[in-house]
Every structure is written in C-alpha cells, then in structure tokens.
1. Once you place label points 7 Å from the Cα toward the Cβ at B:Arg367 and A:Thr153, how far apart are they in nm?
2. For A:Ala35 and A:Arg409 in the same chain, what is the full-extension length gain: residue separation times 0.36 nm, less their Cα-Cα distance, in nm?
3. Let me have the 222 nm mean residue ellipticity of chain A computed from DSSP H runs of 4+ only, each contributing -39500 (n - 2.57), with the sum over all residues rounded to the nearest 500.
4. Between A:Ile169 and residues 5 or more places away or on another chain, which pairs have amide H atoms under 5 Å apart, with H built 1.01 Å from N, and which residues are they?
5. Just need the relative contact order of the range B:127-411 here, percent rounded to a whole number, with Cα pairs under 8 Å and 6+ apart.
6. Just subtract the alpha-carbon distance of A:Glu276 and A:Phe119 from 0.36 nm times their residue separation and send over the number in nm, one decimal.
7. Counting only residues 5 or more places away or on other chains, whose amide H sits under 5 Å from the amide H of B:Ala104 once H atoms are built in the peptide plane?
8. Find the sum over both chains of the accessible area lost when A and B are paired, probe 1.4 Å, and report it in Å² to the nearest 100.
Number of protein chains: 2
Amino acid sequence: MITTDVQLRPQPGSVADLNAQPGFGAENLPYASFAPYGEDPRLGVRIGNKILGVAAAVEYDGRRSQALVNAVLGQNLDGLLKAGRPIWDELRAMLTQQVTSAEAASSLEVHDLRDVSLFMPFTVADYVDFYASEHHATNVGRIFRPDQRPLTTNWKYLPIGYHGRSGTIVASGTEIVRPKGLRPEPKGSPTFGPSRKLDIEAEVGFVIGGAAPQGEVKLADTENHIFGTVLVNDWSARDIQAFEYVPLGPFLGKSFATSISPWVVPMAALSCASIEPPTRDADLAEYLDDGSARASGLDISLEISINNKLVSRPPFASMYWTPAQMLAHMTVNGASLRPGDFFASGTVSGPGRDQRGSLLELTWNGRDPLTLTDGGKMCFLEDGAEVVIRATAPGPSGTSICFGEVAGRIVPAT
Amino acid sequence: MITTDVQLRPQPGSVADLNAQPGFGAENLPYASFAPYGEDPRLGVRIGNKILGVAAAVEYDGRRSQALVNAVLGQNLDGLLKAGRPIWDELRAMLTQQVTSAEAASSLEVHDLRDVSLFMPFTVADYVDFYASEHHATNVGRIFRPDQRPLTTNWKYLPIGYHGRSGTIVASGTEIVRPKGLRPEPKGSPTFGPSRKLDIEAEVGFVIGGAAPQGEVKLADTENHIFGTVLVNDWSARDIQAFEYVPLGPFLGKSFATSISPWVVPMAALSCASIEPPTRDADLAEYLDDGSARASGLDISLEISINNKLVSRPPFASMYWTPAQMLAHMTVNGASLRPGDFFASGTVSGPGRDQRGSLLELTWNGRDPLTLTDGGKMCFLEDGAEVVIRATAPGPSGTSICFGEVAGRIVPAT
C-alpha cells in the first residue's frame with residue numbers, strides 16, 4: 001500500500017497546486033468514469049475541481065508496462081479492477097507524481113468537472129449487502145420484532161449479509177421511481193400500490209478487484225482485493241419489505257434501485273482513517289478473528305441531507321464488523337470472487353439519535369416525524385424529496401479525504 | 001411462438017432422421033455452448049446425439065439479416081438473448097427446417113457429442129431463486145419452524161424469492177467442494193468446519209432475454225422475455241443456512257455453488273407442456289392474477305438420482321406459482337431486466353414422499369435415512385456422492401422433450 005502519512009506538497013504550478021480544494025487533494029485521487037460533452041466515456045481521476053484522463057496520463061508517462069496501459073484503456077474501472085494490486089499501486093504512484101509535478105501540468109488531459117458527465121464507475125458483478133452496524137440492527141429489531149430480543153442469536157458470531165440486485169445499482173443523480181408492491185394492511189389482505197414507506201439507507205460500499213476463484217480470502221489478504229470505496233444509498237420500501245421478507249429476506253423492497261457515488265476512493269487514500277473496531281462480545285471463528293490484526297475499522301463520517309436539511313451524521317467508526325471481516329466471511333464457504341464484485345456495509349447508524357442512517361430509525365417507523373427546513377414534517381420520503389449523502393475521512397497531516405456525494409430524487413410511481 | 005403441435009417429419013437422410021433419439025428430436029433443439037477438441041467455444045444446437053454449429057448454419061442459409069448473423073457469432077447464448085423474441089423465432093424456424101431437410105444435411109457443421117466439450121451456456125446477470133412449491137415450503141416450515149404455521153402469511157399472496165450469487169453458477173459436471181462455515185450446535189456456541197448437512201435442491205431455471213429497463217413485465221408479456229429453461233441443482237448447506245438465515249435470508253448456505261444443465265431448452269419447445277396451475281387460495285393482485293390467462297404452468301417431470309439410484313420424481317406440474325408469475329413479480333417494483341438474468345423456481349416437491357426435491361425433505365432432516373443401491377444409508381451428501389437430475393416434458397404427438405442432465409459430485413472440503 002502507498003502510505004501517505006505525510007501531507008503531499010505539490011510543486012507550485014502543478015495541477016494539485018493550481019486546483020487546490022479541501023478533500024480532493026493529491027492524497028485522495030478518486031476515480032470515476034467520465035466523458036467531456038459529446039465524447040466517449042473514459043477513466044478519470046479527480047484533483048480539486050478537475051478531472052484528469054487516466055489513459056492520457058499513462059501515455060504521457062511513456063514508461064509503463066503494457067499491463068498498466070491496457071488496464072486503463074476502457075470506459076471505466078473494469079480493466080483496472082481486473083489488473084490487481086501491484087498495478088493499482090503503480091498507477092497511483094504515477095498519478096500522484098504527475099499531479100504534484102509542475103513539469104507535467106501542461107501535458108495532462110485536464111477537464112473542469114462542470115464540463116463532463118459522470119457514469120457508473122464500474123460494472124457490478126455480484127452485490128452483497130451486509131448488516132454490520134449493531135446500533136442499526138438493534139433499532140430495526142426493536143421496531144420490527146418488538147416481542148423478541150433485538151439482535152438475533154447469530155448476530156455477534158458472523159456479519160449477516162445477503163445478495164442484492166446488481167442490475168439496479170445506479171449512479172448518483174439517477175431519479176428514483178417510487179416502487180409499487182404488496183403492502184401489509186392493519187386488517188385483512190395486503191393491498192397493491194405505491195410504497196407508503198419509502199426510505200433511505202446510508203451505507204459505505206466496497207469495490208472488489210483481482211480474482212479469488214476458490215474463495216476463502218483470509219483477513220490479512222483482504223487488502224489485496226478491496227480496491228476502493230463509494231457511498232451507497234440503499235433505497236428501501238419498508239412496507240413492501242415488511243410483508244415479503246420472512247423467511248427468505250428482503251427482495252422487492254430493495255431491488256428497485258441502489259444508488260452509489262460516482263467517485264471510487266482508493267483504499268490507499270484511507271490509510272490515515274484506520275481505527276480499532278469495537279470490542280468483540282463473542283469468541284470469533286479464526287477466519288473472523290481480527291484480535292491480533294492491525295486496526296481494520298475505518299473512521300468515515302457520513303452526513304445525510306434531505307431537501308437540503310442535514311438530518312443525520314452516521315459514524316462508520318461505530319460499525320461492529322469491519323470491511324475485511326465482511327469479505328473474509330462472504331468467501332469462507334468457497335464462493336469465488338470476481339473483479340467488479342461489490343459489497344456494502346448495511347445501514348450505518350451510531351448510538352446517538354442524530355446518528356441513525358435510515359428514516360425508519362430517525363422517525364422510529366413514523367412515530368417521531370422529522371421537521372424539515374420549510375417547517376414541514378416528514379416520516380418517510382415524499383415524491384420530490386431529494387436525498388444527499390456525503391462523507392469525509394481523515395487524511396495525512398490534518399487534511400481530509402472527501403467522498404463524492406450520492407444524490408437521488410424521488411419521482412412518483414408510474 | 002412456433003407451435004409444434006404436430007410431430008415434425010424429418011426427410012429421409014436429414015440430420016434429424018439420421019440421428020433420431022427420443023427426447024432430442026427436431027421438436028426440441030436445445031442450445032449449448034460447445035467446442036470441438038482444441039477449438040474455440042461457439043453456440044450449438046442439439047439434434048439426437050449430434051450438435052450443430054449455429055453460426056455455420058446461419059451462414060449456410062445465406063439469407064438471414066445481419067441482426068441474426070451477429071446474434072449467433074459469440075461463444076454462447078449471450079448474443080441471442082440480447083437479440084429478442086423475433087430473432088429467436090426466426091432462428092428456430094430456420095434450424096428446424098435445416099435439420100429436417102435432406103438437402104442441408106451434408107452442408108451443416110455437425111459434431112458427435114462425444115467429441116465436444118460443453119460450457120456455461122450464457123453469462124448470468126442477476127440470479128433470483130424462488131420458493132414456488134407449496135409442498136416444499138410446507139415441508140421446510142414443518143422442519144425448521146415446528147412451532148409455527150408451516151406457510152408464512154405472505155406465501156399465497158406473492159411468490160417469495162431472493163437474490164442468489166451469479167458468480168458461482170456453474171455448468172453441470174463441475175465438482176462441488178464441500179463448503180465450510182459456522183454450524184449451530186445443540187448446546188453452546190456455533191463451531192466452524194465443513195458442512196455436515198450438504199443437500200441438493202432440484203429446480204427448474206429460466207433464462208431471460210430481451211431487456212425491460214423499466215421493469216413491470218406484465219404476465220402476458222413474460223413470454224417475450226423467457227427464452228428457455230435449464231435444470232438446476234441449488235446445492236445447500238442446511239446447517240450453515242439454519243444458523244445464518246434469520247433475518248435476511250440464505251447466504252453462505254447457498255452461495256458456494258449452483259449447478260445448471262448445459263442445454264437450454266427453448267420455451268418454444270415446451271408448447272405441449274402447458275398446463276393449468278393449481279387453484280388459487282387467495283385473491284391475487286392484478287399483476288399476479290392469471291385466472292383468465294391461458295395455462296401457464298409447465299408439465300415437466302424431474303428425476304433425482306444419487307449414486308445411480310433413483311431417489312425422487314418431483315413433478316413441476318405441482319408448482320403453485322408459475323414462471324410467468326415469478327417474472328411479473330420480480331419486476332413489478334420497477335426492477336430492470338437484463339439479457340442473461342436468470343431465475344429458478346425453488347425446490348420442486350410434489351405431494352408424495354417420493355416426489356420431494358431435497359434430502360432435507362426426503363430424509364426429514366436426517367430422521368429417515370435413504371437406502372442407497374449398495375445398501376448404505378444416507379441422510380445428507382457424503383464426499384464422493386454423485387447427484388444427477390434429469391427431466392422430460394411432453395412434446396407434440398406423443399414425443400418427449402428431454403432436458404440435458406445436471407450432474408455434480410461432492411469433493412472434500414479444502
């Protein structure tokens with residue numbers, strides 16, 4: 001891993017110097033798929049308010065292996081994800097050098113972010129969603145199963161997860177059509193119609209690179225497979241979900257759309273965000289036991305805004321299970337891993353009332369409405385509601401690493 | 001749809017005439033991805049014990065549109081699935097004509113099946129597994145939740161389903177490594193190790209073609225999206241599943257491997273297998289209400305053999321929910337559909353004890369062992385066990401439509 005434990009000092013006149021912007025300095029360098037107006041999509045890397053064409057940067061360097069050249073030729077991250085860790089590190093070192101060098105500045109392909117469109121940053125292979133926040137799982141248990149202990153017996157022994165729908169993962173900005181489905185009624189049969197309890201789930205997602213055809217990725221090896229992170233809004237129709245989810249789990253209540261931020265922040269940019277995860281309350285199987293490992297939690301601070309009002313600040317630092325444990329778990333049964341596989345943490349909720357990552361929790365299933373900026377009350381998402389999730393993590397020497405936002409607006413059911 | 005309600009009469013000297021074999025006549029014509037030894041994979045169609053190269057057949061015809069030519073050029077069905085229903089029908093009509101024509105016989109690319117390898121017939125996009133057999137769901141409820149009503153409240157209102165792992169769907173013949181995971185223990189904490197309750201699930205799977213970017217595929221339109229069917233063995237580790245599945249459903253107990261038959265039987269070959277589904281016990285929402293529609297059930301007879309002993313004959317005709325209902329349900333919330341999406345029926349179990357589609361049911365969770373050919377007893381799958389699932393459906397005029405088998409052998413945990 002490239003450790004950036006001291007702040008990078010861009011040369012005067014370098015791209016990083018000319019376009020300095022907090023959160024998007026040379027210590028971050030998130031990737032996206034972008035296109036200048038009327039041109040084909042390509043892989044880019046962000047510095048300040050600019051985006052650099054990566055293939056052009058590799059070509060300018062002129063000394064790179066054919067493997068690296070090929071890895072960045074496509075429309076998005078797919079080639080780079082396949083290429084594997086050594087190529088990721090080589091490319092990041094090269095880009096860091098270029099954006100901080102005055103000499104390279106005039107030779108790079110640089111676009112203003114206002115002049116480009118952004119797309120899905122990679123092709124999603126399989127998508128797994130976890131349930132790794134103890135605070136979230138406890139809240140949901142209290143709301144949905146008030147007569148039972150909030151955490152199921154298995155919860156502290158393994159990171160609970162399930163597969164979601166890859167084909168409906170969309171880039172930030174995509175309009176979200178209110179889903180229809182069967183909704184439970186207090187008395188009698190369920191009725192069919194638009195969801196009355198449309199919700200958000202603020203999550204952090206992890207993009208997989210390299211391949212593990214036999215599965216069984218060990219905790220210590222997970223850092224060779226997690227390429228980077230995005231922000232996730234796992235839109236959820238709570239009424240549809242509540243009626244359908246026993247016994248095989250969520251399906252149509254989730255599968256209509258999942259939004260992700262267009263910027264993939266490389267794990268290498270998060271080396272200063274490492275923290276110790278919470279103390280473990282149960283003896284863990286060896287494949288999950290990170291007791292002697294170095295800190296593998298991540299100190300990422302999320303913010304959720306609805307209609308421009310900040311409604312919550314979920315702390316990823318409070319997650320019980322770490323990304324490394326999630327990946328080790330999802331492959332321990334021999335399930336193969338492909339480049340483009342994607343997993344999300346599940347809703348990030350902290351212990352505080354203003355740290356909850358879903359409206360289900362923030363309004364306690366509609367009992368305690370939120371007051372919005374215009375004075376209106378809200379329990380779940382109305383048509384027209386706009387949700388934006390943002391996040392930052394600590395970077396080297398007091399800098400910060402900014403995630404691109406994931407935004408979405410609700411449009412009426414068809 | 002091409003209806004083959006009268007038996008096709010191949011001309012003397014045609015490929016179909018020279019290679020006549022029950023179940024694989026000109027009324028079937030299932031597709032596969034195949035390669036003669038040392039050559040590249042390509043799309044093929046089966047007649048008797050032979051396989052025809054499809055691209056070569058289209059080229060020989062010489063009068064086909066560029067859209068059809070392009071649709072069959074790839075290594076498997078992917079191009080054809082994208083091309084959509086009119087192209088599927090056009091190709092099937094052309095192939096039917098060619099294999100029954102004496103004139104074409106000597107000009108086609110024909111291989112003996114013994115001389116070729118078969119591969120995954122298509123690239124799986126999203127994979128959904130349903131739970132559509134009332135007999136299976138009732139048995140599982142009785143075994144796993146003996147203190148509750150066997151069918152959950154939602155069961156008769158919607159076809160319950162969940163997403164499975166696309167990346168671990170493998171072609172028949174792939175060895176199945178016994179998965180490891182956390183197993184519940186009668187007393188105390190779970191233990192980690194190889195599954196002690198490795199099971200089968202005999203299912204029928206449906207391959208999607210065409211695209212429905214906005215979802216909401218209507219019942220009447222499902223026939224334009226279901227290209228064909230395969231047999232499925234959804235291997236299941238019952239102990240791992242039992243510990244993990246509350247509240248978000250099966251995950252590692254299923255995700256290690258799902259085997260499918262290499263032959264995709266086109267829906268057009270199953271026109272004589274249409275039957276009425278069972279009477280509906282609950283008022284269905286309009287999108288699921290097939291009361292006035294023509295018969296959309298399928299009369300497919302499955303057979304399960306373990307170590308060469310026939311252990312069960314599950315009847316697909318007994319399924320409560322039809323494939324059309326499953327597809328309408330999985331898209332009613334607006335979830336988009338992509339070519340290569342795949343859904344399976346869930347375990348096919350009939351009302352009889354010898355019609356159950358899993359060992360969980362056949363041995364009642366190990367209480368009633370099966371006696372194998374060698375006199376040995378079996379509750380769940382031992383290392384070395386070989387499982388073969390076969391199926392047939394009625395064809396025109398007393399013929400039968402044979403599915404390719406799906407076979408797999410258990411090898412010890414790593």
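1. It works out to 1.9 nm between the two label points.
2. On the way: separation 374, 0.36 × 374 = 134.64 nm, distance 2.29 nm.
Gain in length upon complete extension: 132.3 nm.
3. On the way: 10 runs with 74 residues, N = 414.
After summing the helix terms and dividing by residue count, I get -4500 deg cm²/dmol.
4. Amide H neighbours of A:Ile169: A:Thr258.
5. 28 percent
6. On the way: separation 157, 0.36 × 157 = 56.52 nm, distance 3.42 nm.
Residue separation times 0.36 nm, minus the Cα-Cα distance, leaves 53.1 nm.
7. Correct list: empty.
8. Working: alone 17550 and 17530 Å², together 30310 Å².
In total, this chain pair buries about 4800 Å².
The values are calculated or read from the model by the stated rules, or taken from the named source; none is laboratory data. This structure is a prediction, so every number in the text was calculated from the model and none was measured. FYI the Cβ positions are ideal-geometry reconstructions off the backbone, even for glycines, and counts take in every protein chain you see. Note: accessible area is taken over every heavy atom of the protein model, side chains too, but ligands, DNA and RNA are not part of it. Shrake-Rupley method; radii C 1.70, N 1.55, O 1.52, S 1.80 Å.
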